[in-house]
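The values are calculated or read from the model by the stated rules, or taken from the named source; none is laboratory data. Everything numeric here is computed off the predicted structure, so don't read it as measured data. Cβ placement follows ideal geometry from the backbone for every residue including glycine, while neighbour counts extend to all protein chains displayed.
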Amino acid sequence: MRSLRFGQNRSQSRGCGYEFDSHRKYEIGEDSRRIDWNVSARMPELYVKRHFEEREMTVFLLIDLSRSMDFSTAAHSKSLRVVQVAANLGFSAVSDDCHFGFLAFSDRVEAFEPPRKGRGHVWRALQRLYDLKPIRSGTDWGMALRFLRSQLSRASVVFLLSDFITDPEAAHLDDLPDLKVLARKHDVIPIVFEDRLETNLPAGRGLLRFRSAERRLEMVLSLSPSRKKTFEVLMAQRKSKLRDFFYRLGMECLFLDVAEPFFDPLMMLFERRRKV
């Protein structure tokens, strides 16, 4: 995981760091020690060096623990897969001396682990996450994002770990200003956990009863070929809209099938984001 987008990162702001970016004209009142005399001697005006500021990075996880994350037709739930992915991200972060923390939420803050360094801290954070039993069952992204914004004081790589399934009556993600502000100030990476039954209905005929994990509402659905086709089209549209929404905010998202190994897709995401 070394040399990826963790560790000593180059920030978007420019100042008195060590990595050279470009030259610009000297302005009256600036520190004369920053003047590049070799360049200025060949130009009619004085020029100073402009550098990227290196910042100590924080890797932070925003984890959805609503009841829909307990659902799975695979050997393990989405919530257990989240813990496994969190372990990879946590130990990758501390291997390059980054801070690591997480916020777990439902429709309330279930747990908050402030960013700290060290493998011992990661072990304790993961154990706490594994043992955590959510008190509530719903999903409130607005509350979680507001709380996160109030806690992140330095530039961070923020992973959103969720299935992004919410109450249809709840506020949509594109209506949440805190997410847009978070995307401007931090490097936000959504990881969407999927179950195959959420995208494709099972084979066979008959009726299938669905129950909402978060609101206890029920629906009976026919397994006829036309219904299956309609269901698949709707789910494909949902996935496409979610991907397009993240893209508009400058986020590169990753969809993970909980029944499939996750390590290779995660590494492919990091390879695409490798520092040039």
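Some observations on this one:
Quick grid of which residues meet (1) without any contact (Cβ under 8 Å) to a residue 40 or more places away in the chain; (2) over 15 Å from Asp64 (Cα atoms):
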| site | (1), (2) |
| --- | --- |
| Gln151 | no, yes |
| Phe164 | no, no |
| Leu176 | yes, yes |
| Val181 | yes, yes |
| Leu207 | yes, yes |
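- Qualifying positions in the stretch 153-172 - buried (at least 18 other Cβ atoms within 10 Å of the Cβ) and either at pLDDT 85 or above or among the acidic types (Asp, Glu) (or both): Ser156, Val157, Val158, Phe159, Leu160, Leu161, Ser162, Asp163, Phe164, Ile165
- Flag for Glu214 being part of a loop (DSSP other than H, G, I, E, B) and under 16 Å from the mean Cα position of the chain (by Cα): no
- Only one entry in Leu103, Leu129, Leu80, Leu148 is of a type outside the set (Ser, Thr, Tyr), closer than 24 Å to Ala213 by Cβ and surrounded by fewer than 19 Cβ atoms within 10 Å (Cβ to Cβ), namely Leu80.
- Some residue of the stretch 219-232 being part of a strand (DSSP E or B) and within 22 Å of Ser106 (Cα to Cα): no
Conditions tested, residue by residue: (1) closer than 29 Å to Leu145 by Cα; (2) at pLDDT 75 or above; (3) under 31 Å from the mean Cα position of the chain (by Cα); (4) assigned to a helix (DSSP H, G or I).
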| residue | (1), (2), (3), (4) |
| --- | --- |
| Arg5 | yes, no, yes, no |
| Gly17 | no, no, yes, no |
| Gly29 | no, no, no, no |
| Glu54 | yes, no, yes, no |
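Listed here are the residues, each with its yes/no results for (1) touching a residue at least 60 places away in the same chain (Cβ under 8 Å); (2) of a type in the set (Ser, Thr, Tyr); (3) closer than 21 Å to Arg184 by Cα.
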| position | (1), (2), (3) |
| --- | --- |
| Arg67 | yes, no, no |
| Ser77 | yes, yes, no |
| Leu103 | no, no, yes |
| Arg119 | no, no, no |
| Tyr130 | no, yes, no |
| Ile135 | no, no, no |
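- Restricting Leu249, Leu201 to residues that are farther than 25 Å from Arg67 by Cβ, in contact (Cβ under 8 Å) with a residue 12 or more places away in the chain and touching a helix residue (DSSP H, G or I) at 6+ places or on another chain (Cβ under 6 Å) narrows the list to Leu249.
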